[in-house]
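Here is the structure we will look at.
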Amino acid sequence: MSGQVRDMTKGSPGRLIILFAIPLMLGNICQQLYTMVDTIVVGQIAGVQALAALGAVEWITWMVLGVSTGATQGFSILISQHYGAKKEDFLKQSVARSYVLTAVISVVLLTVSQIFARGILVFLNTPSAIIGMSLIYLRIVFCGIPAVAAYNVFASVLRAVGNSRTPLTAMIIAASVNVILDLLFVAGFHWGVAGAAIATVTAQLFSAVYCFLVVRKIKLLHISRQDLQRRPGLDQKLLKLGTPVVFQNTIIAIGGMVVQYVVN
């Protein structure tokens, strides 16, 4: 277990921060590879309209997926506080309730996004020539919301106990899988934007499974059925920490959608 967690309260603060931050920065770069690879492969193989269809939905997917990302980042704050304070029982309860809240958020996001996907594209004046392809891509990617949410919460829990390397490894694996499947589905099977979306969702599932397998190895993060029970004020505290990050991500996405509206 010692190799999977790190006590961030011991040692040189500067060194700890740098060693923790580098995998985070590299992980963000790997995340961008999803969009870059989809853009390159779709643009070269499926054509200009397919490429435009991907560009038209970039900020929509950012907004929807950014909700689960922001929420789980907020949840990790409380988990890390309990970890630093050596409050194991409170840590496990916070982890367990983070899982429950993440599951609820993912179901709500999946339902709402599927209902309003076409309406948002119409509202943004998406050209009729590409709106069909954009909608196909959105619907498939939104089906992967539970996988994205699972990766986000497992990665956030790992980072809360000082492990930022595992989420980076998961992203490297996911990026590699995405490249291979993009070439297979888009260039090989000629599935167009649908192939790119399926490749992305599959890659995200790989990253979630990898993080989950690592979490299972850490005894400190083993939770019981009792930990899953609601605790007075705990859900509210977790949501209070996650809401500002969700709001920040949403504001950024709205700004991007305004630009997309003008471009359309």
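The values are calculated or read from the model by the stated rules, or taken from the named source; none is laboratory data. The structure presented is a predicted model; accordingly, all values stated were derived computationally and were not measured. Ideal geometry is used to build each Cβ from the backbone, glycine not excepted, and the neighbour counts take in all protein chains shown. Ligands, DNA and RNA are excluded from the accessible area calculation, which covers all protein heavy atoms including side chains. Shrake-Rupley method; radii C 1.70, N 1.55, O 1.52, S 1.80 Å.
Please work out the FRET efficiency for the pair Ile180 and Glu58, using the Cβ-Cβ distance as r and a Förster radius of 22 Å; give the result to the nearest 0.05.
0.50
Average the reciprocal distances over every distinct pair of alpha-carbons in region 146-200, invert the result, and give the Kirkwood radius in Å.
Computed over Cα pairs of region 146-200, the Kirkwood hydrodynamic radius comes out at 12.3 Å.
Within region 146-161, list the residues whose amide N lies under 18 Å from a label point set 7 Å along Cα→Cβ of Leu19.
158-161
Count the lysine pairs in the chain that are 8 or more places apart or on different chains: how many have C-alpha atoms under 21 angstrom apart?
For the chain, qualifying lysine pairs total 14.
Once you charge only the Cβ atoms, +1 for Lys and Arg and -1 for Asp and Glu, what is the size of the charge dipole of region 216-264 about its Cα centre, to the nearest 20 debye?
Result for region 216-264 is approximately 440 debye, rounded to the nearest 20.
Take each uninterrupted DSSP H stretch in the chain, measure its Cα extent along the helix axis, and return the ones at 18 Å or beyond whose mean Kyte-Doolittle hydropathy is at least -1.0.
13-41, 58-84, 88-123, 128-143, 145-160, 165-182, 192-217, 234-263
Expected output is a single nm value to one decimal: the length gained when fully extending between Thr39 and Ile254, i.e. 0.36 nm times separation in residues minus the C-alpha distance. What is it? Walk me through the numbers on the way to the answer.
Details: separation 215, 0.36 × 215 = 77.40 nm, distance 2.16 nm.
Contour length minus the Cα-Cα distance gives 75.2 nm.
Could you give the size of the charge dipole of region 13-148 about its Cα centre, using +1 on the Cβ of each K and R and -1 on the Cβ of each D and E, expressed in debye and rounded to the nearest 20?
300
Report the label-to-label distance for Asn28 and Thr9 in nanometres (one decimal), using points 7 Å from each Cα along the Cα→Cβ vector.
2.8
Quick one: compute a quarter of the convex hull surface over the Cα atoms of the chain and quote it in nm².
14.2
If you take the square roots of the eigenvalues of the alpha-carbon gyration tensor of region 117-264 and sort them as a ≥ b ≥ c, do you get rounded (a/c under 1.5), prolate (a/b over b/c) or oblate? It would help to have the intermediate numbers written out before the result.
Details: a/c = 2.55, a/b = 1.42, b/c = 1.79.
Note, shape of region 117-264 comes out oblate.
Give me the 1.4 Å probe accessible area per residue for the chain, excluding ligands and nucleic acids, in Å².
50
Mind telling me which of Leu238, Leu213, Leu24 comes out most flexible in a GNM of the chain, alpha-carbon contacts under 10 Å?
Maximum fluctuation in the GNM of the chain, among the listed residues, is at Leu213.
Cα-Cα pairs above 18 Å in region 1-51: how many percent?
Percent of Cα pairs beyond 18 Å in region 1-51: 56.
Placing +1 at every Lys and Arg Cβ and -1 at every Asp and Glu Cβ, with all other atoms neutral, what dipole size does the chain have around its Cα centre, in debye to the nearest 20?
Rounded to the nearest 20 debye, it is 1060 debye.
Roughly to the nearest percent, how much of the accessible area of the chain is carbon and sulfur, given a 1.4 Å probe?
C and S fraction of accessible area: 68 percent.
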